[in-house]
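The values are calculated or read from the model by the stated rules, or taken from the named source; none is laboratory data. Keep in mind that what you see is a predicted model, and the values were worked out from it rather than measured. Cβ sites come from the backbone with ideal geometry, for glycine too, and all protein chains shown count toward neighbours. These area figures cover heavy atoms from the full protein model, side chains too; ligands, DNA and RNA do not enter into them. Shrake-Rupley method; radii C 1.70, N 1.55, O 1.52, S 1.80 Å.
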Amino acid sequence: MSRRLWARWFVAALGLAVLLSGGAKVGAAEPMRHVSKCRLCQRCHLGATPPPGYEPATDSDDGEASAFTSRRLASTDNSDSTPSEGAAESKAAPVRRKKGPAYDAELDPTVPIQYKPSSYQPRRQRDAQKLPVCEQCYGCQHNLTHIASGTQFLNNTYINEKGATSSWIFKANTNMTPSGEAVVKLYCLPIAKRPGAKIPSCKPSRIAEIMRQLMAIDKLSAECGFTDLVPRMWLAPVNGIVPDVGYPINWYGLWMEYVDGISLENLLHKGAPRRLPLTVIADLLNNKLNASKVVRGAVFDLLTSQCDRHAQNIFMQEDGNIKLIDNEACLQHMWRNCGFDSVLVPTTQKQEIVRLANHFVLKLPVKPGTELVLPKGSADPQLLLDYRCYLPGGAEAMGTRFDKDITQCLKKITDMTPKQVRAYFDFPDVRVATNLHTRATDMLTHGFEWAAKYGAPQNAVPKRYRFQPKCCKLAVKGWQTKCGHAWEPAWELPKGNPITGREWDKDRPDTGSYEGGTFPEDGELGRNGAAGR
């Protein structure tokens, strides 16, 4: 579907045809409205005043526009019918006399504006209904554009992914980067990303909490020396319109350094008009992949307990560098049942899926009368992201041999209390700070592998996998890739339900063969060390 057709669909889906027929359009010959006084604006001029030849509109809409803006900034929810402050106090009076008034981040002067829920809340739709659709307007500060629909990578064209989340991503002008460009991620935009999808719901108070978490991770990244691997982030207002739609945006967004390249998922599976030849992909991963960044990426993912490190969240660049994006699912802040999960680190489900394939690892049913065939012989190119392939001197384990800046960072975190960790990095709560403190202590005291096997936070037993032999070189054999050296991993899985993390509860045999979280190579030493932790 073209952008023009998609934009038409959006207008129809939101019932904006009524506005288009009943509302007054503002043409070029008329005074120009500020973007805040438009229901939609097809072209928004940058600047606080109209362009030469136009005068600002001075009709009665001015008062209405400022009124709904004030109400939006005073509100803390995303509904169209928030009760008045007096009504809320009256309804809850018996409880509040006993326990005191409920905490409100909007009224707390110690909460910075970028962490207040109202900073992530669009204007109310019922207020916007009163406003006209404008052909032109002024007052925008940012020219938002779609991330290029096609990216050139190694002389091939790739269609950029929209991503699985309901948030929107744009490219925008900024003076915060040398290039003058950045990526801005917008939450709570009441527009469906795909035709036919529902308009996403959003809780601004939760978004504000996630933003605090991400800023803490950004500070941690700078403290530990990961800024060459993880794009820098900051929070700032966004004032512009959605391209091709014209929906005004005037709330905070998550700004990030623009990252060149394409996702690993795109490189391996979604090339358009065709995927690169396997020989080209093998050459990139065999000969150009930045080894030190793969190792540091594994350290970052384990330290921050990343739970969403799959191929879409790893960006590949033509010179072999990698960048790790979308790092909010960490330290059990969003997914409390996940200890960590990364294709860069063995013992995790995402890494096992790379090794065995999704339907094997999740123990999905096969068609009646067919047998489960193990994928022997083939090797997913993502196996080359195993950090063990790039340890200095061909070592089999990292232990406590971290880079100097990482070691200093781990020691600094370990020397603090969890409450001090929370205060220093400004985490949203002490629970996630405790997770970071525990992980840093485990890594510094026992080493990387011990922390991955036995440390906390920890995955459920059916999701704790054993280390398998590493595959560090790809060979292309016809239409598939194989491991380019002797490689004999065990095709085994832990017992239990790999989706829920509980005991096996299906009406078919459990294909698991060992107790998750047990590592025979450690013997009693490993078990005793974990028990005495």
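Which residues' amide hydrogens lie under 5 Å from the amide hydrogen of Ser263, considering only partners 5 or more residues apart or on another chain, with H built in the peptide plane?
Residues meeting the amide H criterion: Met316.
Apply the Karplus curve 6.51 cos²θ - 1.76 cosθ + 1.60, θ = phi - 60°, to the phi angles in the stretch 504-515 and return the couplings in whole Hz, x for Gly and Pro.
5, 9, 9, 8, 10, x, 6, 7, x, 10, 9, 7
Out of residues 5 or more away from Val242 or on other chains, whose amide H comes under 5 Å of its own, with H placed 1.01 Å from N in the peptide plane?
So Val242 has HN proximity to Tyr247, Ile249.
Mind giving me the nanometre distance, one decimal, between the label points for Asp228 and Thr518, set 7 Å out from Cα along Cα→Cβ?
4.3 nm
Step through the table entries Lys193/Lys363; Lys270/Lys495; Lys293/Lys412; Lys171/Lys350; Lys323/Lys404; Lys323/Lys495, compare each Cα-Cα distance with 25 Å, and write down the pairs that go over it. Numbers along the way, then the final one.
On the way: Lys193/Lys363 32 Å; Lys270/Lys495 33 Å; Lys293/Lys412 22 Å; Lys171/Lys350 30 Å; Lys323/Lys404 21 Å; Lys323/Lys495 34 Å.
Over 25 Å Cα-Cα: Lys193/Lys363; Lys270/Lys495; Lys171/Lys350; Lys323/Lys495.
Return the ratio Rg/(2.2 N^0.38 Å) for the stretch 262-522, where Rg is computed over Cα atoms only.
Numbers: Rg = 18.8 Å, N = 261, 2.2 N^0.38 = 18.2 Å.
For the stretch 262-522, the normalised Cα radius of gyration is 1.03.
So who's got an amide H within less than 5 Å of the one on Leu474, skipping anything under 5 residues away but keeping other chains? H placed 1.01 Å off N, in plane.
So Leu474 has HN proximity to Gly484.
What trypsin sites (Lys or Arg not before Pro) in the stretch 212-315 are in a loop by DSSP, with at most 14 other Cβ atoms within 10 Å of the Cβ?
Working: sites: Arg212, Lys219, Arg232, Lys270, Arg274, Arg275, Lys288, Lys293, Arg296, Arg309; in loops: Arg232, Lys270, Arg274, Arg275.
Passing sites in the stretch 212-315 are Arg232, Arg274.
Taking K and R as +1 and D and E as -1, what net charge do the other residues with C-beta under 9 Å from the C-beta of Ala329 add up to?
Working: positive: Arg309; negative: Asp308, Asp326, Glu328, Asp341.
Result for the neighbourhood of Ala329: -3.
Roughly speaking, what is the centre-to-centre gap between the stretch 298-327 and the stretch 131-204 when only Cα atoms are used, to the nearest Å?
22 Å
Within 10 Å of each candidate Cβ there may be at most 16 other Cβ atoms; applying that plus a DSSP loop requirement, which chymotrypsin sites (Phe, Trp or Tyr not before Pro) in the stretch 408-515 survive? All intermediate terms of the calculation are to be shown ahead of the outcome.
Details: sites: Tyr424, Phe425, Phe448, Trp450, Tyr454, Tyr465, Phe467, Trp479, Trp487, Trp491, Trp504, Tyr514; in loops: Tyr465, Phe467, Trp479, Trp487, Trp491, Trp504.
Answer by residue number: Trp479, Trp487, Trp491, Trp504.
Put +1 on the Cβ of every Lys and Arg and -1 on every Asp and Glu Cβ in the stretch 262-522; which of Gln306, Pro489, Leu289 then has its Cα farthest towards the positive end of the dipole?
Leu289
Once you have the Cα-Cα distance between Tyr103 and Asp405, take 0.36 nm times their residue separation minus that, and quote the gain in nm to one decimal.
Details: separation 302, 0.36 × 302 = 108.72 nm, distance 3.95 nm.
That works out to 104.8 nm of additional length.
So if R0 is 41 Å, what FRET efficiency would Lys219 and Gln152 give, r being the distance between their Cβ atoms, rounded to the nearest 0.05? Don't skip to the end; give the middle numbers.
Values: r = 34 Å, r/R0 = 0.84.
Efficiency computed from Cβ-Cβ geometry: 0.75.
Taking 0.36 nm per residue of sequence separation and subtracting the Cα-Cα distance, how much length would be gained by fully extending the chain between Leu46 and Leu364, in nm to one decimal? Write down the numbers at each step before the final one.
On the way: separation 318, 0.36 × 318 = 114.48 nm, distance 5.34 nm.
Separation in residues times 0.36 nm, less the Cα-Cα distance, equals 109.1 nm.
Would you list which aspartates and glutamates come within 12 Å of Lys411, measuring only between C-alpha atoms, while excluding same-chain residues fewer than 8 positions from it?
Output for Lys411: Glu223, Asp442.
Between Glu503 and Asn287, what's the calculated FRET efficiency when r is the beta-carbon distance and R0 is 45 Å? Round to 0.05.
Working from the Cβ atoms, E equals 0.50.
Applying 1/(1 + (r/R0)^6) with R0 = 60 Å to the Cβ-Cβ distance of Arg126 and Ala486, what FRET efficiency is obtained, to the nearest 0.05? Can you show the working numbers first?
Values: r = 68 Å, r/R0 = 1.13.
The formula returns an efficiency of 0.35 here.
Within the accessible area of the stretch 113-257, what % is carbon and sulfur when the probe is 1.4 Å and the other protein chains stay in place? Each step should come with its number before you reach the end.
Numbers: 2790 of 5510 Å².
Carbon with sulfur: 51 percent of the solvent-accessible area.
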